[in-house]
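Some notes on the structure that comes next.
Every number here is computed from the coordinates shown, using simple stated rules; none is lab data. As the structure is a computational prediction, the values presented were derived from the model and not from experiment. So basically every Cβ, Gly included, is an ideal-geometry build from the backbone, and we count neighbours across all protein chains shown.
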Amino acid sequence: MPDLNTVLRETWEQVHGQTMKDDVCKRKILRPEDPTKRQYLTVIYSQNIEKWYLTQAIPQFDANGKQICFLCDPEETGSGLIKTAKSDHMTFLLHPRCSAICHYLILTDEHRPNPKVKDFRFLREFSTQCGSSVFCNMKNSGASFEPHFHAQSIFVENGLPAIKNEITGIAYTNPHLTIRRLDFPIQIMEISTIDRIGQNQVFNTICQIDRPYNPLFYNGVTYVLPRIKSFPNNANFKFGAAEVFGLSFCKTLEEYNATTYDQYLDHLLDVAVESGSSAALDFEAWFIDQLEKVSV
Ligand SMILES: [Zn+2]
């Protein structure tokens, strides 16, 4: 794994050096008015990413009208994504236009929609070894292309904003793992595993989630965030996993300038489940029930 880490960072630095030169990139931190709250959200705009969405990210279709998989064929579709490294069953594609942050797409070599336990095991291990935040846009939870399961990896010091918040309580514990609640406006379960049995319990359960959600891995810890939908009301842009974990990538400068803490919070509460609500407790209870049922 150290070799993989080196390859990924070095490739990004080379490409980043070229793309950064002509980029216009802005970043701001939004905080609530209540000074006792430590929660904050980060918003990024990059002209390079805006250009990418307007050109290379446009879906391509074959003669039968079927969308070509830009993950299986990153070059054929002109996506600009660069095959950089491989594990035993997953491949890393560098997003060269995402100059604000070291960004990789991590896809299964098999073209399939649903994740398997071995995918999550690898993604968690990679996040631990390489110190990156790894997250997945799932069905109705920010996915823009569902037929091919993939994750995204970005290098953010200390992980995405949401997971830096304090623990407010323990939801569940057994000899192999502990589930904690985070102090964040929307529900996030922080799951620390002690051994391989705990990991198997968690990953098997995540694979069985039958409703929208986003998983995230950072520093060996797994986070699960239940969702309601991809698009917030009164907004024409999608909230992906990065957005619900507190890092919003705006597609236009206007959108970036207009984003305030309260507006961001409204969108979060629209697309995900409010902390402490009955929906949050229902999801938690369902998750724990599944966890106890899975055979490992
Ligand atoms: Zn594919």
Q. Gain in length, Glu76 to Asp183, computed as 0.36 nm per residue apart minus the alpha-carbon separation, to one decimal in nm?
A. 34.1 nm
**Q.** Gain in span if fully extended, Gln14 to Asp266, counting 0.36 nm per residue against the direct Cα distance
**A.** 86.9 nm
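I'd like to compare 87-96, 160-169: which one has the highest average count of other Cβ atoms within 10 Å, and what's the full order after that? Let's see the in-between values first.
Details: 87-96: 18.4, 160-169: 16.2.
Listed from highest to lowest mean packing, they are 87-96, 160-169.
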Q: Return the FRET efficiency for the residue pair Glu146, Glu33: r is the Cβ-Cβ distance, R0 is 30 Å, and the value is rounded to the nearest 0.05.
A: 0.20
Q | Under Karplus coefficients 6.51, -1.76 and 1.60, residue-wise ³J(HN,Hα) of region 235-250 in Hz, glycine/proline x | A | 8, 9, 10, 8, 9, x, 5, 4, 5, 6, 8, x, 10, 9, 9, 7
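Give the relative contact order (percent, whole number) for the chain; include only Cα pairs under 8 Å separated by 6+ residues. Could the numbers behind the result be given before it?
Numbers: 548 pairs, mean separation 55.2, N = 296.
Relative contact order, the chain: 19 percent.
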Q: Tell me the label-point distance for the pair Val296, Ala235, using the 7 Å Cα-to-Cβ offset, in nm and rounded to one decimal.
A: 3.5
(Q) Given bins 5 angstrom wide, list per bin the percent of all Cα-Cα distances in region 178-296, short to long. (A) 2, 10, 21, 22, 17, 12, 8, 5, 2, 1, 0
**Q.** Dipole axis of the chain (+1 Lys, Arg; -1 Asp, Glu on Cβ), positive-most option in Ile101, Ile197, Ile49
**A.** Ile197
**Q.** Selected from Ala85, Ala171, Ala285, residue furthest toward positive end of dipole (the chain; charges at beta carbon)
**A.** Ala85
Q. Looking at this model, which pairs from Lys229/Lys251; Lys86/Lys116; Lys118/Lys229; Lys66/Lys139; Lys116/Lys164; Lys118/Lys164 are more than 21 angstrom apart at the alpha-carbon?
A. Lys118/Lys229; Lys116/Lys164; Lys118/Lys164
Q: Please tell me the relative contact order of region 177-296 in percent, rounded to the nearest whole number, where contacts are Cα pairs under 8 Å and at least six residues apart.
A: 31
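Just subtract the alpha-carbon distance of Glu166 and Asp195 from 0.36 nm times their residue separation and send over the number in nm, one decimal. Display every interim value, and only then the final one.
Numbers: separation 29, 0.36 × 29 = 10.44 nm, distance 2.38 nm.
That works out to 8.1 nm of additional length.
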Q: Kindly give the semi-axes, whole Å and largest first, of the ellipsoid equivalent to region 2-293, taking each as the square root of 5 times a Cα gyration tensor eigenvalue.
A: 28, 24, 19
Q. Long-range amide H contacts for Ser230: which residues qualify at under 5 Å (H placed 1.01 Å from N, peptide plane, sequence gap of 5 or more or a different chain)?
A. Gly142
Q | Scattering profile of region 237-282 at q = 0.14, 0.15, 0.33 Å⁻¹ [log10 I(q)/I(0), Debye over alpha-carbon scatterers] | A | -0.37, -0.42, -1.31
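Quick check: from the Cα gyration tensor, does region 100-237 come out rounded (a/c under 1.5), prolate or oblate?
Numbers: a/c = 1.33, a/b = 1.16, b/c = 1.15.
Verdict is rounded for region 100-237.
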Q) Using modelled backbone amide H atoms (1.01 Å from N, in-plane), which distant-in-sequence or interchain residues come within less than 5 Å of Asn214's amide H? A) Leu225, Arg227
(Q) Suppose only helical runs count, i.e. DSSP H with n ≥ 4. What mean residue ellipticity at 222 nm does that imply for the chain under -39500 (n - 2.57) per run, divided by all residues and rounded to the nearest 500 deg cm²/dmol? (A) -9000 deg cm²/dmol
Q: Could you please rank Ile288, Ile186, placing first whichever residue has the fewest other Cβ atoms within 10 Å of its Cβ?
A: Ile288, Ile186
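Given charges of +1 on the Cβ of Lys and Arg and -1 on the Cβ of Asp and Glu, with all other atoms neutral, how large is the dipole of the chain about its Cα centre, in debye to the nearest 20? Write out the running numbers ahead of the final one.
Values: 29 positive and 35 negative charges, 29 e Å.
With Lys and Arg at +1 and Asp and Glu at -1, about 140 debye.
Which whole-number percentage describes the relative contact order of region 30-141, with Cα contacts under 8 Å and a sequence gap of 6 or more? Kindly include the intermediate steps, with their values, before the conclusion.
Numbers: 101 pairs, mean separation 16.6, N = 112.
So the answer I get is 15 percent.
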Q: Would you mind checking region 63-87 for residues with the amide N under 16 Å from a putative spin-label position 7 Å along Cα→C-beta of Leu4?
A: 83-87
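Quick one: Cα convex hull volume of region 13-155, Å³ per residue?
Details: hull volume 22.0 nm³, N = 143.
Normalising the Cα hull of region 13-155 by residue number yields 154 Å³.
Applying 1/(1 + (r/R0)^6) with R0 = 35 Å to the Cβ-Cβ distance of Glu274 and Glu254, what FRET efficiency is obtained, to the nearest 0.05?
Details: r = 28 Å, r/R0 = 0.81.
Given R0 = 35 Å and the Cβ-Cβ separation, E is 0.80.
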